[in-house]
Amino acid sequence: MGRPSTPILQRKGIVDEALAMIDESGLEKFSMPALARRLGVKTASLYYHFTDKSELLSGVARAVIRQAEPPNFAQDDDWANWMVEMAIGYRRAVMAHPHAAAVLVSHTPRRLIASLYEKGATILSNAGIPQELVLLLLDGVESLATASALMGTVSGTDTDDLGFGHLDEDKYPTLRSILDHSFRDSEDFLREQARSFIVGTMARAGLESGELFRVG
């Protein structure tokens, strides 16, 4: 049997190629016709697999998120460390695809990350965290990770000056002094933000938080 004149498409291959195209050229240059040309097919072939561009970009967002490997912590009392390291993994996944960062903001409906939330909710529930705090904790840490990743890709906060550039010490003396004593590693900065949020949430609820971060 001879080879088909038109490449055989699969959803995963289309998504992978779309992500590669966005990585190379940026989201602003991405289009269904351009992707079809890259794949050597007609644009209509893409719509056989995806209803529209938005559905395809949701697939791209899912592909990036799936690269954030959940950390493994065996004990229930490690739930807080699990959340913090999950945030770091999420940030790394986004930072690996800086041009696709905006896709995660506009094309990541909650249903795409429901399985991750289920895992997190199970870990926190098994650790005895009150149900009314579970979603607050999960959503809060996710929001911090998303903001950190977006700032890193868009504003260059991964630089030593956290994106502020070289500030005139006479004009910005307080901020300059603070930057000189701030975290130089953006991952460590996110870790501390996430830990502070978790500790503050627990303290506000009148729950013990002193032993949450024995490790790291």
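Straight-distance candidates among the lysines for linking to residue 29, with alpha-carbon spacing under 23 Å and chain neighbours fewer than 8 residues away dropped: 12, 42, 53.
In a reduced charge model with +1 at each Lys and Arg Cβ and -1 at each Asp and Glu Cβ, the chain shows a dipole moment near 1300 debye about its Cα centre.
With 5 Å bins beginning at zero, the pair-distance distribution over Cα atoms of region 76-204 amounts to 2, 10, 18, 20, 17, 14, 10, 6, 3, 1, 0 %.
Shape summary of region 21-130, radius of gyration then Dmax from alpha carbon positions: 17.3, 54 Å.
The Stokes-Einstein estimate for the chain, based on a Kirkwood radius over Cα pairs and taken at 37 °C with 0.692 mPa s viscosity, is a diffusion coefficient of 167 µm²/s.
The C-alpha atoms of the chain define a longest principal axis, and helix 79-95 lies at about 40 degrees to it.
With N counted as the residues of region 11-64, its alpha-carbon radius of gyration over 2.2 N^0.38 Å works out to 0.98.
Throughout, read-outs are computed from the coordinates displayed, never taken from laboratory work. On a predicted model such as this, the values are computed, not experimentally measured, just so you know. Because the Cβ atoms are built from the backbone with ideal geometry, glycine has one as well, and the counts that use them run over all protein chains shown.
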